[in-house]
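Structure, as C-alpha cells:
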Amino acid sequence: MDKYSQLKLSYVMAFPQPRPQAPQLPRNLLRTIDCQQGAVRAVRFNADGNYLLSCGSDKSLKLWSVSRGTLLKTYSGHGYEVLDADGSYDNSQLCSCSSDKTVILWDVATGQVTRKLRGHAGKVNCVQFNEEATVILSGSIDGTVRCWDTRSRRFEPIQVLDEARDSVSSLKVAQHELLTGSVDGRVRRYDLRMGQLHVDFINSPITCVCFSQDGQCTLSSTLDSTVRLLDKSTGEMLGEYTGHKMKGYKLDCCLSSKDTHVLSCSEDGHVYCWDLVEGSLSLKLPVGKAVVQSLSFHPTETCLLTAMEGRVQVWGLEPEETEDDSMAA
C-alpha cells in the first residue's frame, strides 16, 4: 500500500462519515402575501409546488407565484366564498368549491369557467382531482361525496357516496383510494377499485384527513384538539399529537414531504410541528395573533404555506438572500 493510500485510510478511520442530518423544518418566513380577497379560507400548493392557490371569502380564487409572491391570475365565478381548491397534475386545470353549493372546473390559462357542477344540497367544503384529473371529488355539508367526470358533458355526478351521517369536512385521493373525514367522527377509506369501505371511529368531529406520503398511514385532526396517526390497513393508533388548540374551527393538518413531521394549524396563532415517531413538539411556529386557518406543505421541498386572515405566509428552510446581501457577497 503506498503512502497516499495509507494516508487516505487513516484519514477515513480518524474522521468517520458525518451522520445524516436530522430533518429540517421551514422555520424562516420568506414572504407574506396580502391576497386582497377578504379572509383566506384555504391555501394550497399546486402539483409541483411552484404556484399556490388562495381561496377567498370575497368569492375569488387566485393563483400566485410562490418564489416571487406575485399574482398571476384571478378566477371569478363563484357566488359565495371559496372554501377549497386543487390543481391538476399538468397545471392546465383548477377545481374549486364554495358555500354557493357548486364545484367549478377552470381553465388555468384563460381564467374561464369550463364547467360549473351543481348537485350538492349545501356548501361544498373540500375538492380534489384524481391523479389523472379525469375525475373531481367533492365533499359537502350535505353528507355526500360526489364524483364528477371532467371530460363528460353530462352534469350529473358519476357516483355519489352517501355513507357519512353529517358534513364531509375533508377528503384526499391517492391512486385508487379515497379518504374522507366527517363531523360524524368517522374516517372512511374507500377502495374504489375493490368497491370496499373501511371505517375508523374517532369520538370527535373531524376537520381534516390525509394520507402519509408512503401510503401506509392516515392522519386526522379533530375538534378535541388532537391529531391522530392511524395504521391505514388495521386502524391501529400509531400516534397522538396534542398541545395546539382546535375547538371551533375547521383547520388543516398535514405531514411533511418526507413523513418525518406532523403539522397542524391552531387557533392560538401558531403552527405546531411534531416529530412523527417520538410525538414530541419539534417546532411551534409563530404565524400571528389570529387563527391559522389553513396550511399546505410543499410536495418535495422544505417549504410551508400558512393562511391567516387576509394573508398567506411562505416559510422556508433558510432565509432568502436579499439583493443587498448578494451584492455585499
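The values are calculated or read from the model by the stated rules, or taken from the named source; none is laboratory data. The structure presented is a predicted model; accordingly, all values stated were derived computationally and were not measured. Please note: Cβ atoms are built from the backbone with ideal geometry, for glycine as well, and neighbour counts cover all protein chains shown. For the accessible areas, the whole protein counts, side chains as well, though only heavy atoms, and no ligand, DNA or RNA atoms are used. Shrake-Rupley method; radii C 1.70, N 1.55, O 1.52, S 1.80 Å.
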In terms of the Cα gyration tensor, with a ≥ b ≥ c the square roots of its eigenvalues, is the chain rounded because a/c is under 1.5, prolate because a/b exceeds b/c, or oblate?
prolate
Under 16 Å from residue 59, Cα to Cα: lysines that are on another chain or at least 8 residues apart
73, 101, 116, 123
With every protein chain in place, the accessible area of residue 45 for a 1.4 Å probe, in Å² rounded to the nearest 10, comes to 20 Å²
Rg/Rh for segment 178-267 to two decimals, with Rh computed the Kirkwood way over all alpha-carbon pairs.
0.95
Quick one: if you stick a label point 7 Å off each Cα along the C-beta vector at residue 48 and residue 309, how many nm between them?
3.5 nm
As straight-line cross-link partners of residue 258, the qualifying lysines (C-alpha separation under 22 Å, not fewer than 8 residues apart within one chain) are 172, 232, 284
What FRET efficiency comes out for the pair residue 236/residue 203, r = Cβ-Cβ distance, R0 = 22 Å, nearest 0.05?
0.85
Solvent accessible area, Å² - residue 167, 1.4 Å probe, full protein context:
10 Å²
In terms of the charge dipole of the chain, which places +1 on Lys and Arg and -1 on Asp and Glu at the beta carbon, the residue among 253, 272, 57 farthest towards the positive end is 57
Cα centroid of segment 199-264 to Cα centroid of segment 54-83, whole Å
27 Å
If DNA, RNA and ligands are ignored and the probe is 1.4 Å, what is the ranking of 237, 308, 194 by accessible area, most exposed first?
194, 237, 308
What is the dipole size for the chain, taken about its Cα centre, with +1 at each Lys and Arg Cβ and -1 at each Asp and Glu Cβ, in debye to the nearest 20?
580 debye
Computed magnitude of the charge dipole of segment 76-220 (debye, nearest 20; Cβ of K, R +1, Cβ of D, E -1):
380 debye
Provide the gained length on full extension for the span residue 216 to residue 132, in nm with one decimal, where the gain is 0.36 nm per separating residue minus the Cα-Cα distance.
28.1 nm
Just to be sure I understand the model, the point goes 7 Å from the Cα along the line to the Cβ. What's the resulting residue 277 to residue 290 distance in nm?
3.9 nm
For residue 70 and residue 114, what does the FRET efficiency come to when R0 = 25 Å and r is the distance between their Cβ atoms, rounded to the nearest 0.05?
0.50
Distance in nm between residue 36 and residue 152 label points, each 7 Å along Cα→Cβ, equals 4.1 nm
Accessible surface, 1.4 Å probe, highest first, among residues 259, 268:
268, 259
Near the amide H of residue 270, under 5 Å away, which other amide H atoms are found, from residues 5 or more places off or on another chain, if H is placed in the peptide plane?
287, 292
Could you work out what % of the accessible surface of the chain is carbon and sulfur, using a 1.4 angstrom probe and leaving DNA, RNA and ligands out of the count?
49 percent
Accessible solvent surface per residue of the chain, calculated while the other protein chains remain in place, 1.4 angstrom probe, Å²
48 Å²
How far is helix 3-14 tilted, in degrees, relative to the longest principal axis of the Cα atoms in the chain, given as a value from 0 to 90 rounded to the nearest 10?
60 degrees
Computed lengthening from residue 92 to residue 247, 0.36 nm per intervening residue step minus Cα-Cα distance
52.1 nm
Point-charge dipole on Cβ atoms (K/R +1, D/E -1) for segment 35-102, about Cα centre, debye to 20:
180 debye
Starting from 0.36 nm per residue, how many nanometres of slack lie between residue 301 and residue 258 once their C-alpha separation is accounted for?
14.6 nm
